[in-house]
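The values are calculated or read from the model by the stated rules, or taken from the named source; none is laboratory data. It should be emphasised that the depicted structure is a prediction, and the values quoted were computed from it without experimental measurement. In this analysis, Cβ positions are derived from the backbone assuming ideal geometry, glycine residues included, and neighbour counts consider all displayed protein chains.
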Amino acid sequence: MNKLLRDLIYKIRKYIILIQLIIVLWSSPVLRGRAEDRIDFKHEDYSEENGRIKIRTTSFLFERDLIPKLTVKGAYVYDGVSGATPTGAPPLPNESEVETTEIKDIRRAGFIAADYQIGSHKLSPQLAYSSESDYKSFGLSLIDSMDFNDKNTTITIGASHDIDRIVPNYGMNIIREKNKDNSQVIVGLTQLINPKTVFTANLTLGYSSGYLDDPYKGVLFDDHYSPTTEEIKSLSEFLSLDEIIDLFEYKDGDPYVLFPENRPSKKFRQVGLLSLTHYIEKLNGSIEGAYRYYHDDFGVNSDTLSLTWRQKIGDQFIVSPSFRFYRQSSADFYNPRFNVGSPIQHPEATPSHYSADFRLSEFDSFTYGVKFNYIVSDNLKFDLSLKRYEMEGKDNKTSPSAYANANIITGGFRVWF
């Protein structure tokens with residue numbers, strides 16, 4: 001039996017075992033089901049063009065009422081990631097494509113959570129875990145949702161903390177394990193304006209500290225080959241200044257020398273979200289619009305506008321076209337290449353922080369698509385989503401080939417018990 005077949009059988013057995021465990025949970029005499037109990041299954045295929053990143057995600061989610069005031073829920077997520085990703089180097093001379101490197105990894109993640117009703121309060125603690133070959137994360141969160149005004153108004157406050165561990169792996173710029181901490185608090189308001197209109201507002205404050213670099217990204221310093229003062233002094237006994245400069249000068253065909261990026265070790269971020277959903281009875285549909293603002297002390301500011309229309313067709317079909325526009329400014333320390341001092345040749349002129357990761361550049365992105373829901377019965381629903389994601393650089397210095405376009409297909413079902 002070859003390795004590919006063994007791996008396939010192993011994955012199938014894992015899913016069978018997981019489904020069996022969920023079935024056991026639902027069939028337990030102590031946990032007899034109610035109409036709100038459910039199982040969700042999702043599979044998503046994210047595929048960037050031109051051989052870039054592909055992500056295939058399979059997830060299971062369950063939700064179960066144990067007693068009238070207590071609901072438990074959990075999820076298991078399995079990701080397979082493969083493909084080419086930019087290294088941080090710009091295109092070589094006379095070429096138009098940025099340099100890329102191949103990556104391949106598996107991520108396993110999950111969470112277990114509960115909702116516990118105490119009077120007008122709903123407490124929601126959660127434990128989450130994620131594991132990759134080069135990254136481990138453990139998170140805790142607690143949210144309190146408080147109902148007022150005959151449940152027409154809900155105030156939400158919450159906090160979370162993640163402990164991340166970056167593990168050295170092939171192709172990384174680190175040789176020792178690194179750590180990162182993420183904390184955030186959220187305050188939110190949900191207001192039922194009338195029976196057909198709901199307004200939501202959230203404010204999130206987050207703080208990250210520790211190793212915030214991408215260990216796979218490098219930075220090019222154009223002057224890395226230029227001579228130091230000491231080298232010029234030593235060589236001037238034998239060569240002219242022009243000959244010395246020519247000796248060190250970067251020439252076509254020479255390999256790029258990339259240095260590990262160096263981001264700040266702390267980041268404070270603020271995120272604001274406003275959304276409004278309105279049901280239009282004459283059209284038997286609803287429209288949802290949302291605006292999100294993001295700022296962090298890396299210097300990144302972003303605006304996100306999204307619009308979704310949900311149209312019910314008959315008793316069983318819902319069609320939901322959507323559009324999302326995203327715009328961000330670049331980080332203060334971003335550049336696709338640096339013409340200042342390199343960390344080895346001219347450390348005295350090297351910036352305090354530097355990165356050539358295109359995700360920190362100035363760009364726009366567009367996401368548009370449509371989702372289909374088919375309600376088979378009161379206990380079963382299928383859904384299928386087709387989306388297109390496009391990026392467009394706006395800084396006139398980052399190579400267009402750094403940005404990715406992707407197609408996203410998501411399908412699944414929900415079963416109520």
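How many of the residues in region 91-121 are within 30 Å of N405 (Cβ to Cβ) and part of a loop (DSSP other than H, G, I, E, B)? Within region 91-121, residues that are within 30 Å of N405 (Cβ to Cβ) and part of a loop (DSSP other than H, G, I, E, B) number 9.
Before we move on, is E95 under 27 Å from the mean Cα position of the chain (by Cα), loosely packed, with under 14 Cβ neighbours inside 10 Å, modelled with pLDDT under 95 and not aromatic (F, W, Y)? No; evaluated as a whole, the condition is false for this residue.
Cβ-Cβ distances below 9 Å connect the following pairs, each with a first residue in region 247-275 that is part of a loop (DSSP other than H, G, I, E, B) and modelled with pLDDT of 95 or more, a second residue that is among the hydroxyl-bearing types (S, T, Y) and surrounded by fewer than 13 Cβ atoms within 10 Å (Cβ to Cβ), and a separation of six or more residues or different chains: P264/S352. Residue under question is Y293, and the condition is that it be part of a strand (DSSP E or B) and closer than 29 Å to A89 by Cα; does it hold? No. Only one entry in G88, G80 is in a loop (DSSP other than H, G, I, E, B) and either aromatic (F, W, Y) or surrounded by 14 or more Cβ atoms within 10 Å (Cβ to Cβ) (or both), namely G88. Of everything in region 156-180 that is among the charged types (D, E, K, R) and surrounded by fewer than 13 Cβ atoms within 10 Å (Cβ to Cβ), the residue that is farthest from F138 (Cα to Cα) is R176. Among the residues of region 280-290, is there at least one that is under 30 Å from T350 (Cα atoms) and either modelled with pLDDT of 95 or more or in a strand (DSSP E or B) (or both)? No, that holds for no residue.
Within region 155-194, track down each residue that is touching a residue at least 12 places away in the same chain (Cβ under 8 Å) and not in a strand (DSSP E or B). Of everything in region 155-194, those that are touching a residue at least 12 places away in the same chain (Cβ under 8 Å) and not in a strand (DSSP E or B) turn out to be V167, P168, N169, G171, M172, N173, I174, E177.
Residues being modelled with pLDDT of 70 or more and on the phi > 0 side of the Ramachandran plot are entirely absent from region 62-74. Evaluated against (1) hydroxyl-bearing (S, T, Y); (2) without any contact (Cβ under 8 Å) to a residue 60 or more places away in the chain; (3) farther than 23 Å from A201 by Cα, Y294 falls short on exactly one condition, (3).
Evaluated against (1) within 30 Å of K69 (Cβ to Cβ); (2) at pLDDT below 95; (3) charged (D, E, K, R), R176 falls short on exactly one condition, (1).
Looking at region 300-403, the strands (runs of 3 or more DSSP E) lying wholly inside it that each contain 1 or more residues that are out of contact with any strand residue (DSSP E or B) (no Cβ under 7 Å at 6 or more places or on another chain) sit at 363-377. So is T350 at pLDDT 95 or above and crowded, with 18+ Cβ neighbours inside 10 Å or not? Taking the combined requirement at face value, the residue does not satisfy it.
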